[in-house]
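Everything on this sheet refers to the single structure shown next.
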């Protein structure tokens, strides 16, 4: 009877202790390593691209055990009490807390579908207009550009002249081909000249920019075709999140008393 009671007592004690033990992944020299610490490190590694697995869990356990052993030695030597170490610890702690604050703000201030759609519509409106398929030849002086324009009008190949004389390394080898683009992507003088031409026309006079003298030909013009909303939604969401976060920080700064 006594033996049975003793076994029952041991069993109950073991069951009572199990939940507390389960909260730790190891105990080093009497100091427990919380499971929450291991979970946090595993989560960090998974976010960096590693696959959660029993092997990763074991590697994390060994890493934290090693850290605890070294930490205990550092404490024994008084390392945490050094002023420079205290300062670094304070900065690291602040970084972790602020990262959590920002993540929480972003999580609780997600853009609504209406906000995303409104921003998309505005971007489409701002990007409206046409895009141009252009060729150009870039030379160093105006007279050479005039001579080349005369040759082109007399029947010379624009592409051959571009390959021979153009100073633009990106397009010369392709006969001066700039492919399709929004004219606003170019310097203002170049864009203004290009948008005043019709399909198939070239500039009658050289166009001067900071890069030199240009001869521009318009091969084709087409309306800008915007990407569908779902294709650019992640970028729009990120942009709105950044704007909200910046406004949040600026508002807090305005309310702060800074001396």
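The values are calculated or read from the model by the stated rules, or taken from the named source; none is laboratory data. Being a predicted model, the structure only gives us computed values, none of them experimental. Here Cβ is always computed from backbone atoms with ideal geometry, including for glycine, and neighbour counts include all displayed protein chains.
The figures follow:
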quantity: Qualifying residue in the stretch 73-80 (condition: out of contact with any helix residue (DSSP H, G or I) (no Cβ under 6 Å at 6 or more places or on another chain), under 18 Å from residue 23 (Cβ atoms) and loosely packed, with under 12 Cβ neighbours inside 10 Å); calculated: no
quantity: Qualifying residues in the stretch 183-196 (those that are touching a strand residue (DSSP E or B) at 6+ places or on another chain (Cβ under 7 Å) and surrounded by 14 or more Cβ atoms within 10 Å (Cβ to Cβ)) - the one nearest to residue 224 (Cα to Cα); calculated: 183
quantity: Test result for residue 122, at pLDDT below 95, over 30 Å from residue 210 (Cβ atoms) and not assigned by TED's automatic domain parsing to the domain that holds residue 207; calculated: yes
quantity: Per-region count, the stretch 152-191, residues in a loop (DSSP other than H, G, I, E, B), more than 21 Å from residue 205 (Cβ to Cβ) and at pLDDT 95 or above; calculated: 1
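Condition check ((1) within 14 Å of residue 134 (Cα to Cα); (2) buried (at least 16 other Cβ atoms within 10 Å of the Cβ)) across all residues:
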{"site": "147", "(1), (2)": "no, no"}
{"site": "154", "(1), (2)": "no, no"}
{"site": "168", "(1), (2)": "yes, yes"}
{"site": "177", "(1), (2)": "yes, yes"}
{"site": "206", "(1), (2)": "no, yes"}
{"site": "210", "(1), (2)": "no, no"}
{"site": "230", "(1), (2)": "no, no"}
{"site": "236", "(1), (2)": "no, yes"}
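Residues checked against (1) touching a residue at least 40 places away in the same chain (Cβ under 8 Å); (2) within 30 Å of the chain's Cα centre (by Cα):
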residue: 75; (1), (2): no, no
residue: 93; (1), (2): no, yes
residue: 97; (1), (2): no, yes
residue: 101; (1), (2): no, yes
residue: 111; (1), (2): yes, yes
residue: 123; (1), (2): yes, yes
residue: 126; (1), (2): no, yes
residue: 129; (1), (2): yes, yes
